[in-house]
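Colleague: The structure's right below; bear with me while I get my questions together.
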Amino acid sequence: MGFAGTSITNSDAEEILTSLVKAYSSIPPIIKEYIPTLDKILKVLPEAVRKYSVEDVIKLLDWAAKNEIVI
């Protein structure tokens, strides 16, 4: 068993969480209060998302943003 009951290793968990904290901290405080936390955003994604890799989901969201489907 890995970090927090997942298959993620401690070192990978540290890298993932550190980069997310860094990205989130770059958001101006005035805007931050209107953005839900990442865990809340991920929880509203449909079950279908679990069938795909994170890389594929990121590519889909990048495409959707470029085509102004999601902002």
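Colleague: What ³J(HN,Hα) values, in whole Hz, does the Karplus curve 6.51 cos²θ - 1.76 cosθ + 1.60 give for segment 21-29 when θ = phi - 60°, with x put for Gly and Pro?
Modeller: 3J(HN,Hα) across segment 21-29, in whole Hz: 4, 4, 5, 5, 5, 7, 7, x, x.
Colleague: Report, ordered by chain and residue number, the lysines lying within cross-link reach of residue 22, taken as a straight Cα distance under 17 Å and ignoring same-chain residues fewer than 8 apart.
Modeller: The reachable lysines, counting only those whose Cα sits under 17 Å from residue 22, are 32.
Colleague: Identify the GluC sites (Glu not before Pro) of segment 1-57 meeting these criteria: DSSP loop state and at most 10 other C-beta atoms within 10 Å of the C-beta. Don't jump to the answer; show the numbers that get you there.
Modeller: On the way: sites: 14, 15, 33, 47, 55; in loops: 33.
Sparse-neighbourhood loop GluC sites (Glu not before Pro): 33.
Colleague: Which lysines, on any chain, are close to residue 59 with Cα under 17 Å apart, when same-chain ones fewer than 8 places away are left out?
Modeller: Excluding near neighbours in sequence, the set is 51.
Colleague: Each residue of segment 3-10 in order: what ³J(HN,Hα) in whole Hz does its phi give by Karplus 6.51 cos²θ - 1.76 cosθ + 1.60, θ = phi - 60°, with x for Gly and Pro?
Modeller: Per residue, the Karplus-derived 3J(HN,Hα) values read 5, 6, x, 10, 8, 7, 5, 4 Hz.
Colleague: Let me make sure I get this right: for segment 13-59, a, b and c are the square roots of the gyration tensor eigenvalues over alpha carbons, sorted descending. Under 1.5 in a/c it's rounded, otherwise prolate if a/b > b/c, else oblate. Which is it? Write down the numbers at each step before the final one.
Modeller: Values: a/c = 2.49, a/b = 1.51, b/c = 1.65.
It is oblate, given that a/c is not under 1.5 and a/b is not larger than b/c.
Colleague: Using a simple spin-label model with points 7 Å from Cα along the Cα→Cβ vector, what separation in nm is obtained for residue 3 and residue 69?
Modeller: 3.1 nm
Colleague: Are there chymotrypsin sites (Phe, Trp or Tyr not before Pro) in segment 1-54 that DSSP puts in a loop and that have at most 15 other Cβ atoms within 10 Å, and which ones?
Modeller: 34, 52
No value in this document is a laboratory result; all are computed from the given coordinates. For clarity, every value in this text was computed on a predicted model and none was experimentally measured. Glycine also receives a Cβ, built like all others from the backbone with ideal geometry; neighbour counts cover every protein chain displayed.
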